[in-house]
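Mind having a look at this structure? Questions to follow.
The values are calculated or read from the model by the stated rules, or taken from the named source; none is laboratory data. Since this is a predicted model, take the numbers as computed values, not measurements. Here the Cβ positions follow ideal geometry from the backbone for every residue, glycine too, while neighbour counts run over all protein chains shown. These area figures cover heavy atoms from the full protein model, side chains too; ligands, DNA and RNA do not enter into them. Shrake-Rupley method; radii C 1.70, N 1.55, O 1.52, S 1.80 Å.
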Amino acid sequence: MMRCRGCGALLQSTDRTKIGYTPKEGSEYCQRCFRLMHYDDLTVSMKTGIDPDSVIQRIAGLDAVVLWVVDLFDFEAGMIPGLNRKLPDKDILMVAAKRDILPETLSHEKTARFVFERLRELGIQIKGLILTGKLQNMGAEEVKEAVRMTGKGKPVAVMGRANAGKSTLLNNLMNENVLAASRYPGTTLDFNEINIDGQVYIDTPGLEIEHSLLMEVKEEDLKDILPASTIKPQVYQLRGDQSFAIGGLARIDLTGCDKASCVFYLSGRLPIHRSKLTAADDLWQKHYGSLFRPVPLEKEFRTFTIHKEMDKMDIVIDGLGWACVHGQMKTVTVHAPKGVNVTFRKAML
Ligand SMILES: Nc1nc2c(ncn2[C@@H]2O[C@H](COP(=O)(O)OP(=O)(O)OP(=O)(O)O)[C@@H](O)[C@H]2O)c(=O)[nH]1
Ligand SMILES: [Mg+2]
């Protein structure tokens, strides 16, 4: 049986509703990958491949080096608690991908410092870090070099959360679009081995991102939520009690602001609606689903409130982006769809 070169699924010509379907026997790609790669069109929905929970176990069973791909823009969602325990005796190299999405003002050094500090807090050990980006194949040669040094010829398992940029990274290493890559989480459906300059790499299906907003929205809204190019920070000066609605996806309320600011790092296609806190509930009721768009699939929201203690703090909503609050402020309240992770961390930028 042949596997699809794009997603790794076994090719079949019997059931068009199942993965790996191709109408033409002998083709190298399944219909889903063909349409994704040529028309950016999703025919079979995501999450129809192998069970994400088993992916990490399968990787643990390989005699391979692990290339752990983490999306820098969606960094918290990419973290895997207890990673070294899940992959005992494995050398792990981290690729921090989508560098080009972050503002250019963030230096390489600062990014690396941020990553290592966050990993230390989470108790995760890695053998090396490479920053990569889609523009000019940034970091591709460094990845190959790190793999040579660490792997000593062993196969390389490319692992990470869905949508992190694993397949794109491998395409960049090859300088050719062989693997299917798309904004829909769950593009790669099975382990998919490829040879690049004599080195074996194994593309793998993304690990579950169950606590991400990306799982809580319609597929058609992903193009507005995922930034496609460098994000432009959106700065607001604050006084008193203020509220921000990010479309109908989340709301951030800030009280007791004085000489304070809030900077949003989000897709430029998401509208931010600012108001006084006293008006915020009414506005949300009135505009939710119309002016305040997009909205999540599930209507239930959860609220977190904290007293702002760190001077410069990021409020991170998995899959959506983050807001950095700075200056004097009493409380920070986040309303986010139920089940979506919210993290408060020391500012990245
Ligand atoms: N701007 C930018 N976009 C990227 C980069 N890497 C990946 N992307 C985009 O991120 C999305 C996901 O990329 P994929 O390569 O399909 O991600 P994956 O990790 O293979 O995802 P799954 O197969 O679903 O697990 C696509 O829309 C890519 O174009 C990058 O370095 N820069
Ligand atoms: Mg993939």
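Please work out which residue is least open to solvent (accessible area, probe 1.4 Å), limiting yourself to the range 268-280 and to residues that are over 18 Å from residue 337 (Cα atoms) and out of contact with any Asp or Glu (no Cβ under 6 Å at 6 or more places or on another chain).
Checked the range 268-280; the qualifying residue least open to solvent (accessible area, probe 1.4 Å) is 275.
Among (1) open to solvent by less than 70 Å² (accessible area, probe 1.4 Å); (2) outside any helix (DSSP H, G or I); (3) closer than 17 Å to residue 254 by Cβ, there is one condition residue 283 misses while meeting the rest; what is its number?
The one condition residue 283 does not meet is (2).
A further question follows. Identify all residues within the range 171-186 that are within 16 Å of residue 95 (Cα to Cα) and within 8 Å of ligand 1 (Cβ to nearest atom); write none if there are none.
Scanning the range 171-186 gives 171, 172.
Find all pairs meeting these conditions: Cβ atoms under 7 angstrom apart; at least six residues apart or on different chains; first residue within the range 163-184 and over 17 Å from residue 196 (Cα atoms) and not assigned by TED's automatic domain parsing to the domain that holds residue 320; second residue open to solvent by less than 30 Å² (accessible area, probe 1.4 Å) and acidic (Asp, Glu).
163/71; 164/71; 165/71
Another question, if that's okay. Answer yes or no: is there a residue in the range 225-236 that is of a type outside the set (Ser, Thr, Tyr), away from ligand 1 (no atom under 12 Å from the Cβ) and on the phi > 0 side of the Ramachandran plot.
For the range 225-236, residues of a type outside the set (Ser, Thr, Tyr), away from ligand 1 (no atom under 12 Å from the Cβ) and on the phi > 0 side of the Ramachandran plot: absent.
Pairs needed: first member in the range 1-26, in contact (Cβ under 8 Å) with a residue 24 or more places away in the chain and open to solvent by 30 Å² or more (accessible area, probe 1.4 Å); second member anywhere, of a type in the set (Val, Ile, Thr) and assigned to a loop (DSSP other than H, G, I, E, B); C-beta distance under 7 Å; at least 6 residues apart or different chains.
5/178; 19/44; 19/48
Looking at the range 260-273, I want the residues that are part of a strand (DSSP E or B) and have a partner that is buried (at least 20 other Cβ atoms within 10 Å of the Cβ) and among the hydroxyl-bearing types (Ser, Thr, Tyr) with Cβ atoms under 9 Å, at least 6 apart or on another chain. Which pairs are those?
273/243
If I go through the range 166-183 residue by residue, how many of them are more than 21 Å from residue 142 (Cα to Cα) and surrounded by fewer than 19 Cβ atoms within 10 Å (Cβ to Cβ)?
Qualifying residue count, the range 166-183: 1.
Here is a further query. If you check 67, 36, 42, which single one turns out to be closer than 25 Å to residue 147 by Cβ, of a type in the set (A, V, I, L, M) and within 14 Å of ligand 1 (Cβ to nearest atom)?
Exactly one of 67, 36, 42 is closer than 25 Å to residue 147 by Cβ, of a type in the set (A, V, I, L, M) and within 14 Å of ligand 1 (Cβ to nearest atom), namely 67.
Right, here's the next one. Please go through the range 112-144 and pick out each residue that is open to solvent by 80 Å² or more (accessible area, probe 1.4 Å) and touching a residue at least 12 places away in the same chain (Cβ under 8 Å).
116, 125, 127, 134, 135, 142
Can you tell me which residues in the range 95-137 are within 18 Å of the chain's Cα centre (by Cα) and either within 16 Å of ligand 2 (Cβ to nearest atom) or closer than 20 Å to residue 195 by Cα (or both)?
95, 97, 98, 132, 134
Return the residues of the range 244-259 that are crowded, with 20+ Cβ neighbours inside 10 Å and not charged (D, E, K, R); say none if nothing qualifies.
244, 245, 246, 247, 248, 249, 250, 252, 254, 257
Any idea which of (1) open to solvent by 10 Å² or more (accessible area, probe 1.4 Å); (2) in contact (Cβ under 8 Å) with a residue 60 or more places away in the chain; (3) part of a helix (DSSP H, G or I) is the one residue 147 doesn't satisfy?
(1)
Give me the helices (runs of 4 or more DSSP H) completely within the range 19-106, filtered to those with at least 3 residues that are on the phi < 0 side of the Ramachandran plot and not assigned by TED's automatic domain parsing to the domain that holds residue 132, ordered by residue number.
Passing ranges, in order: 31-39.
Can you tell me which residue is nearest to residue 226 (Cα to Cα) among those in the range 286-302 that are touching a strand residue (DSSP E or B) at 6+ places or on another chain (Cβ under 6 Å) and open to solvent by less than 40 Å² (accessible area, probe 1.4 Å)?
The selected residue is 296.
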